[in-house]
Structure formats: structure tokens, C-alpha cells
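Notes follow once the structure below has been shown.
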Amino acid sequence: MLPARLPLLALLCLFVARAQADTPLFSADGMRISLYRSPTPEQVNGATTLDTPALQALLTQTPPPVLIDVYRRPWLQGRFIEDQPHANLPGSHWLANTGDGDLTPEWQGYFVRHLYRYTAGDLTRALVFYCRSDCWLSWNAVKRAANLGYTSVYWYRDGLDAWEAANLPVATAQPEPFQ
């Protein structure tokens with residue numbers, strides 16, 4: 001029961017806090033399903049966490065790792081909607097929306113098909129997943145790739161924000177075609 005004399009703003013804050021408390025954060029299979037832009041853990045099972053210098057060192061290897069950006073992009077009537085420009089690390093593949101906690105079979109297929117294509121089916125090929133800082137989307141994608149059997153999985157935890165903070169170049173990005 002709510003006190004009758006609480007100011008309207010206080011009531012609204014109480015309502016939002018209760019709604020968030022009732023919102024589950026993780027699915028039954030351990031994927032983050034809400035509040036994607038919030039502090040992330042230091043590590044994720046199945047992957048090595050990278051900072052910017054470690055990623056730069058990894059990028060000098062032959063073959064270089066496959067860089068995968070999983071930042072979200074609106075999807076409407078079977079196509080991506082460009083609502084604002086997006087940049088990513090040069091050479092990255094943007095698998096938009098594949099870091100969501102619950103993927104439909106179609107989105108799961110999009111993720112699997114593209115990973116297979118980028119690695120030529122080599123489950124040992126290094127994959128680096130990223131998004132922004134404090135973003136659970138890349139955490140989910142790392143878990144998803146490890147569950148598929150990929151063994152050289154890396155998480156660039158602070159993602160594009162850390163890359164830009166280091167004054168490193170970025171490239172204009174477009175999501176990979178949904179096919």
C-alpha cells in the first residue's frame with residue numbers, strides 16, 4: 001500500500017524501482033536479458049578478457065583475430081533501420097543484435113552462419129567480441145560462441161569506448177546482411 005501523500009515524482013520513482021526489481025536479469029540458460037547497459041563483470045566463462053593493449057598485441061598475430069561488433073541496430077520489416085551512424089574497430093564485422101539474451105532461431109542462424117563464414121568452420125580461429133563499455137551484449141555473444149564450440153574466444157570488455165579513448169582509428173560500420 002502506497003502512502004497517500006507522497007509527491008508524484010516520488011511515486012513514479014517507487015513504481016520504476018518496483019518494476020525493475022520484478023524484471024529478471026538473466027534467462028534460464030544464463031544469458032543477460034535486460035538492462036544491457038549496466039556494469040559488467042570482469043570476466044565471462046569461455047573467454048579471455050582483453051584490454052586495449054592486449055587487443056592491439058593480438059591484432060599483430062597471423063592470422064589476425066576476427067573482430068565482431070554486436071551493438072544493436074533497429075530491425076523493422078525485415079531490414080536494419082539506420083537510425084544513427086555507427087562506427088566500429090577497423091576490419092570488424094557488425095553482427096547487430098546477436099548479443100541479445102533471447103535470440104529467435106532466425107537471429108541465432110544469422111549469428112552461426114556468419115561465424116562459420118568468418119572462420120571457415122575452424123573452431124580454433126580467434127574471435128574477439130565487443131560492444132561498448134558496460135554492455136552485456138558482447139558478454140552474451142561470447143557465451144553464445146563458446147557454447148557453439150569456439151575455443152579461442154576473447155571479450156574486449158570496454159569495447160569501442162576504450163578504443164576511442166585511446167585515440168585509435170574507427171571505421172564507418174554497416175550491419176552484415178541478414179541472410
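So here's what we get for this one:
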| quantity | calculated |
| --- | --- |
| Accessible-area order (highest first, 1.4 angstrom probe) of the listed residues PHE129, PHE26, PHE178 | PHE26, PHE178, PHE129 |
| Virtual paramagnetic centre 7 Å along Cα→Cβ of ASN45, amide N under 11 Å, in segment 129-158 | 147 |
| Per-pair calculated FRET efficiency, R0 = 30 Å: THR23 and GLU164 via Cβ, rounded to 0.05 | 0.50 |
| With every protein chain in place, segment 48-172: carbon and sulfur % of accessible area (1.4 Å) | 51 |
| Two-site label geometry, ASN147 and THR60: point separation in nm, points 7 Å out along Cα→Cβ | 3.6 |
| Heavy-atom accessible area per residue - the chain, 1.4 Å, Å² | 55 |
| On Cα atoms only, tilt of 136-147 relative to the major axis of the chain in degrees | 50 |
| Computed E for VAL112/ALA171 - FRET, C-beta separation, R0 30 angstrom, nearest 0.05 | 0.75 |
| Average Cα contact separation per residue, segment 64-179, under 8 Å, 6 or more apart, as relative contact order % | 35 |
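The values are calculated or read from the model by the stated rules, or taken from the named source; none is laboratory data. Remember, it's a predicted structure, so these values are computed and weren't measured experimentally. All Cβ positions, even for glycine, are placed from backbone atoms using ideal geometry, and neighbour counts span all protein chains on display. What goes into the accessible areas is simple: the full protein's heavy atoms, side chains included, and nothing from ligands, DNA or RNA. Shrake-Rupley method; radii C 1.70, N 1.55, O 1.52, S 1.80 Å.
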